[in-house]
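First up is the structure itself, then whatever we jot down about it.
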Amino acid sequence: MPSLVLVVVVAVAGCSAAEPAGAGPENVGQPVAEGTAGANEAAFLDAQTQATATKAKTVGPAPNSAGQAALAPGSPDPGCQLLWPRRQFPVPESDAERPYLDQIVACAGGATLRITNNSKMVWAFYSPDKSTVTPVAPTDTMVLFHQVAFEKKLHLSAFMVPGETVSVPIGAADSLSWLLDPFLSLAWTGGAWLEQGTAKAAKAGTKYLFARGSPGRKAVWDCTEAVYKAAAAGASDVATWDTGKTLKTGLGLSFGAGKCATSWQAARQSAADLPPLAAIQNARGQAQILEADAGLVKQGAKAFKLTLCAVRRVFCKP
């Protein structure tokens, strides 16, 4: 069963020149993982494109609107950089989609398309020809989340988390699709909440607590997986899907039990500076942040209800 997603097909034409040298460290990420799940998702995408996305979504330069100030010759479009100067715009099929797609910045230049996720959601990528989607200089937190998803087989195709930029070959962009994924989004929200709360409640720096190989890093790993699985198991009618409760359950905050709570407590046995989950929850503003961020994921699911219904029948309820 594929993730709950919205199909957005990207098509870019007229870009063929080679990318300038020194364009960026594009070899730091992982290519799209292949395997049975990935193949099934690609087949799903083909079917969905025919069944529920018959109106092709394309991207292209925005038309020059009346009163818009003209750009200086040679300057990049707003939101783009000099080496990737031409902005490409995903076209929403409904007003509900627009606020989310407006936060995805796609810029073309040379032989690549760079896509930056300025939203608070996680977007999954799919491509029938298995084109490579390469993260550009991801942070340690981003790398950790990708590792959790791939190694725990939560999601087997590429994706971009909030704040992440990826690079895609222009030649493959016309067959690339990116899709909003509420499950990954909720899992990312849980991990980010833990790190933010730890920074507020801990006596030691979070970089030390979450260093590679540390007990804290493993605990965040386990908690991220737990939130994802809680989301996948607890999804229901969009109107009644309680993302806040799901997030608390996955993080072990509701009952102080579960994989996350157990792993976190075990980590504290060898990392005394790691604060207890209760201290993180009670840190300044943390409870409000948890509810607000969970609410954003629910709003995203509601905005894409029609597509979610096509993926999981439980979301078809009025």
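The values are calculated or read from the model by the stated rules, or taken from the named source; none is laboratory data. It should be emphasised that the depicted structure is a prediction, and the values quoted were computed from it without experimental measurement. Note: ideal-geometry Cβ built from the backbone for every residue, glycine included; neighbour counts use all protein chains shown. SASA here: full protein model, heavy atoms, side chains in, ligands and nucleic acids out. Shrake-Rupley method; radii C 1.70, N 1.55, O 1.52, S 1.80 Å.
For residues in the range 121-144 being hydroxyl-bearing (Ser, Thr, Tyr) and in contact with a Leu (Cβ under 9 Å, 6 or more places away or on another chain), which is surrounded by the fewest Cβ atoms within 10 Å (Cβ to Cβ)?
Ser131
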Log entry, pairs with first residue in the range 82-105 being within 17 Å of Trp123 (Cα to Cα) and without any contact (Cβ under 8 Å) to a residue 60 or more places away in the chain, second being among the small types (Gly, Ala, Ser) and open to solvent by 30 Å² or more (accessible area, probe 1.4 Å), beta carbons closer than 8 Å, six or more apart or on different chains, reads Phe89/Ala62; Val105/Gly79
Condition first: within 21 Å of Val148 (Cα to Cα) and touching a Cys at 6+ places or on another chain (Cβ under 7 Å). Can you find one or more residues in the range 232-239 that meet it? no
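Regarding Gln196, is this residue under 25 Å from Ala292 (Cα atoms) and surrounded by fewer than 19 Cβ atoms within 10 Å (Cβ to Cβ)?
Working: under 25 Å from Ala292 (Cα atoms): yes; surrounded by fewer than 19 Cβ atoms within 10 Å (Cβ to Cβ): yes.
Taking the combined requirement at face value, the residue satisfies it.
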Extreme residue, farthest from His155 (Cα to Cα), among residues of the range 107-120 that are open to solvent by 10 Å² or more (accessible area, probe 1.4 Å) and assigned to a loop (DSSP other than H, G, I, E, B): Gly110
Please specify each residue of the range 223-270 satisfying the condition of being in a helix (DSSP H, G or I) and among the aliphatic types (A, V, I, L, M). Ala226, Val227, Ala230, Ala231, Ala232, Ala233, Leu247, Leu251, Ala261, Ala266, Ala267
Does Pro76 satisfy the criteria of being of a type outside the set (D, E, K, R), touching a Pro at 6+ places or on another chain (Cβ under 6 Å) and either in a loop (DSSP other than H, G, I, E, B) or open to solvent by 70 Å² or more (accessible area, probe 1.4 Å) (or both)? yes
The residue that is modelled with the lowest pLDDT, considering only those in the range 225-252 that are open to solvent by 10 Å² or more (accessible area, probe 1.4 Å) and polar (S, T, N, Q), is Ser236
